[in-house]
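Report on one structure; see the data block that follows.
The values are calculated or read from the model by the stated rules, or taken from the named source; none is laboratory data. Only a predicted model underlies this, so the values are computations on that prediction, with no experimental measurement involved. Cβ placement follows ideal geometry from the backbone for every residue including glycine, while neighbour counts extend to all protein chains displayed.
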Amino acid sequence: MIRITLVGATGWVGRALVQAIAAADDLELAGAVSRGSAGQDAGLATGGGALGVVLSATLAEALGAPSDVVIDYTKPHVVKGHAMQALAAGRHVVVGTSGLSAADYGEIDIAAREASLGVLAAGNFSITATLLRRFALEAARYVPDVEIIDYASPSKADTPSGTGRELAELIGAMRQKATSKPVDELTGVRETRGGAIGAPLPVQVHSVRMPSYVLSCEALFGADNERLLIRHDAGASAAPYVSGTLLAARKVGSFTGLRRGLDAVMDG
């Protein structure tokens, strides 16, 4: 039985995770965090039956109950601290919150290796988003010109999305040199070319924030007289993220250090 502490239990994905963990034969909800609903039963607060797990106001409080894995679906400005706190307490970590930088992940990786624990982080735990990433990385081996566009609702604060940022960082590490004119050689409003993410060959990423979008991400490849578009679109339900997150929770104890993307454990 894998005991889970869930941070962000009453959020959009967190609510669905509480019920899915409760229904799983090999998982147990050991603790849950929701600052705004602290003191309530986690099951009742997320629309299900009582589970006998009281929501805590902080992760530090929730870690008082023994657990094996901490799953975090909160906010970018707190998730890094939560990961470090969980590792210090001897827990493996699954990070479902987007918005962390490559430098943040580097620090988390060092902490995980020092603690001999595993961390699995993904900007998007859905299966089809994972396939977007896999297919785009394959395409980047052969087509040098690629840009990423991510779409989300007007209320999404982090730009780009975790899906777009993670994809750009991975492509930037292995892509060929683009044929497009470098941004520092352009005239006019250079910001219209988007933000450069990744190294050593950054990818231009463009973020659109408009009503009617939940989360979409597309990798656009261009070659001589042909184009390739690989796109993922998410609907309004949190269901696509639940199965991937629970797979991550089941696998994260099998390795040491940080791994990024659900595909890092899908084939193992």
Residue in segment 172-200 that is farthest from the chain's Cα centre (by Cα), counting only those that are closer than 19 Å to R133 by Cα and surrounded by fewer than 16 Cβ atoms within 10 Å (Cβ to Cβ): Q176
Long-range neighbours under 7 Å by Cβ, at least six apart or interchain, first residue free of Cβ contacts under 8 Å to residues at least 12 places away in the same chain within segment 247-268, second surrounded by fewer than 16 Cβ atoms within 10 Å (Cβ to Cβ): none
Extreme residue, surrounded by the most Cβ atoms within 10 Å (Cβ to Cβ), among residues of segment 149-166 that are touching a Cys at 6+ places or on another chain (Cβ under 7 Å) and within 15 Å of F221 (Cα to Cα): G164
Residues within segment 119-135 that are crowded, with 24+ Cβ neighbours inside 10 Å and out of contact with any strand residue (DSSP E or B) (no Cβ under 6 Å at 6 or more places or on another chain), tallied: 5
Of all residues making up segment 73-101, the number that are of a type outside the set (F, W, Y), closer than 14 Å to L59 by Cα and part of a loop (DSSP other than H, G, I, E, B): 5
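Take the residues in segment 32-52 that are part of a loop (DSSP other than H, G, I, E, B) and surrounded by 24 or more Cβ atoms within 10 Å (Cβ to Cβ), then tell me which one is farthest from the chain's Cα centre (by Cα).
Just the residues of segment 32-52 that are part of a loop (DSSP other than H, G, I, E, B), to begin with: 34, 38-40, 46-52.
Now drop any that are not surrounded by 24 or more Cβ atoms within 10 Å (Cβ to Cβ), which leaves 34, 46.
Working: S34: 19, T46: 22 Å.
Per the stated criteria, the residue is T46.
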Residue among S243, S216, S207 that is within 15 Å of the chain's Cα centre (by Cα) and closer than 16 Å to P160 by Cα: S216
Search result, residues across segment 224-253 that are in contact with a strand residue (DSSP E or B) (Cβ under 7 Å, 6 or more places away or on another chain), over 18 Å from T5 (Cα atoms) and surrounded by fewer than 18 Cβ atoms within 10 Å (Cβ to Cβ): R227, L228, L229, R231, D233
Qualifying residue in segment 56-70 (condition: more than 17 Å from L246 (Cα to Cα), in a helix (DSSP H, G or I), at pLDDT 95 or above and more than 23 Å from the chain's Cα centre (by Cα)): yes
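Table: residues versus (1) at pLDDT 95 or above; (2) within 19 Å of L131 (Cα to Cα); (3) touching a Leu at 6+ places or on another chain (Cβ under 6 Å).
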{"residue": "L215", "(1), (2), (3)": "no, yes, no"}
{"residue": "G222", "(1), (2), (3)": "yes, no, no"}
{"residue": "E226", "(1), (2), (3)": "yes, no, no"}
{"residue": "R231", "(1), (2), (3)": "yes, yes, no"}
{"residue": "A234", "(1), (2), (3)": "no, yes, yes"}
{"residue": "P240", "(1), (2), (3)": "no, yes, no"}
{"residue": "S243", "(1), (2), (3)": "no, yes, no"}
{"residue": "A249", "(1), (2), (3)": "yes, no, no"}
{"residue": "V252", "(1), (2), (3)": "yes, no, yes"}
Among the candidates V95, V13, V18, residue that is closer than 23 Å to R250 by Cα and modelled with pLDDT under 95: V13
Residue in segment 71-83 that is closer than 19 Å to D104 by Cα, out of contact with any helix residue (DSSP H, G or I) (no Cβ under 8 Å at 6 or more places or on another chain), surrounded by fewer than 18 Cβ atoms within 10 Å (Cβ to Cβ) and of a type in the set (A, V, I, L, M, F, W, C) present: yes
Residue match in segment 96-106 (condition: out of contact with any Pro (no Cβ under 8 Å at 6 or more places or on another chain) and of a type in the set (V, I, T)): no
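Quick check on D109: is it of a type in the set (D, E, K, R), without any contact (Cβ under 8 Å) to a residue 40 or more places away in the chain and outside the structural domain of I230 (by TED's automatic domain parsing)? Explain how you work it out, then say what you get.
Working: of a type in the set (D, E, K, R): yes; without any contact (Cβ under 8 Å) to a residue 40 or more places away in the chain: no; outside the structural domain of I230 (by TED's automatic domain parsing): yes.
For D109, the condition - of a type in the set (D, E, K, R), without any contact (Cβ under 8 Å) to a residue 40 or more places away in the chain and outside the structural domain of I230 (by TED's automatic domain parsing) - is not met.
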